[in-house]
Amino acid sequence: MKMKAIVYTSYGQPEVLSLQEVPKPTPKDNEVLIQVHAASVNSWDWDLLRGVPYLVRLGGLRGPRYPTLGADVAGRVVAVGKDIKQLRAGDEVFGDISGCNWGGFAEYVCAREEVLSIKPGGMSFEEAAALPQAAVLALQGLRKGELRKGHKVLINGAGGGVGTFALQIAKSYGAEVTAVDHGSKLDLLRSLGADEVIDYTKEHFTSNRHRRYDLILDVAGFRSMFDYKRALSPTGSYVMIGGSTPRILQLIIVGAWTKRTGNKKMNLLLHKPSRDDQDTIRKLCETGQIKPVIDRKYPLSQTADALKQLGEGNAKGKLIIQVMGN
């Protein structure tokens, strides 16, 4: 049997993507087959599409290792391998399948049971597809920064996928949150509960010598590490989510020096999928403490347009690919 999928065979801009008919996958003994209802795009998809930075080409130096991108999916289990213990056909699930050969921008995909969680009750497939990478990264970043009630938290890049979740999670912990992003996103950030908003095109938060933060979560880093260090309280923590190779190297150097000379912490958070953290996010959604912010929904055939919008950096929250019916 055939299915529709977004395929690419060479690195480049979104124009290298095409909608094709490809063989429908068959689950291995330790996998389930998911009928994908929705997927979401992430910065990792953007990096793998372009092959930039070059570290993402490991395993695919001459061309993409995975012909179909898409790590965040939500859908219905339609078949299970003989070794599957918990999931059954008909279960509605969501998860990050980046460790299972990707392939979310397609009508069907196979994934191991341990990367999937049951979809939050009362939530649409589109909303659930927004959760896996962005919400988990936000949770892990705040945890690495040792978030506490009453902390003064700054989120740089608060209007994107990770940032909108981080803002809501931090507020649920009782933190005082300053949200930084482009002026066009400030009303959204206020609506999500930000105590203070800063338009980075008009003001840089490190310029205020009287304002210091217990935790800086940096989703869109472009300033010197010394600027961020200066904006921390004496025992504050800086956490960078991803980043370019030069920025990561700078963080390692400055972080090592900071550790020797004081109590401030400079941390890098690497992507680490976790079903336990997905389940925590599910509970936060079901109790109404967080909700996905969805900027726009695209049909599967327009996945290239979604990635183009992501690459331009103007998405408010998440961009969703609607797969069913395409």
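The values are calculated or read from the model by the stated rules, or taken from the named source; none is laboratory data. These figures come from a predicted structure and were not determined experimentally. FYI the Cβ positions are ideal-geometry reconstructions off the backbone, even for glycines, and counts take in every protein chain you see. Side chains included, ligands, DNA and RNA excluded: accessible areas come from the protein's heavy atoms. Shrake-Rupley method; radii C 1.70, N 1.55, O 1.52, S 1.80 Å.
Hand me the trypsin sites (Lys or Arg not before Pro) from segment 286-326 located in a DSSP loop with no more than 15 other Cβ atoms within 10 Å, in residue order please.
Here no trypsin sites (Lys or Arg not before Pro) fit, given the DSSP loop and packing criteria.
What relative contact order, as a whole-number percentage, does the chain give when Cα pairs under 8 Å and 6 or more residues apart are counted?
Computed over the chain, the figure is 19 percent.
Picking from Gln86, Thr26, Leu137, whose Cα lies most toward the positive end of the charge dipole for the chain (charges on Cβ: Lys, Arg +1; Asp, Glu -1)?
Among Gln86, Thr26, Leu137, the one farthest towards the positive end of the dipole of the chain is Leu137.
Counting helices only, and only those DSSP H runs with n ≥ 4, report the 222 nm mean residue ellipticity of the chain as the sum of -39,500 (n - 2.57) divided by its residues, in deg cm²/dmol to the nearest 500.
Only helices count here, giving -8000 deg cm²/dmol.
In sequence order, what are the phi-derived ³J(HN,Hα) couplings for segment 258-271 according to the Karplus relation 6.51 cos²θ - 1.76 cosθ + 1.60 with θ = phi - 60°, rounded to whole Hz, with x for glycine and proline?
Rounded to whole hertz, the list is 4, 5, 7, 10, x, 9, 6, 10, 10, 10, 10, 9, 9, 5.
What order do Phe94, Phe222 take when sorted by accessible area (1.4 Å probe), most exposed first?
Phe222, Phe94
Per residue, how many Å² of accessible area does the chain show with a 1.4 Å probe?
Roughly 45 Å² per residue, with all protein chains present.
Among bridges DSSP assigns within the chain, what percent are antiparallel (round to 5)?
50 percent
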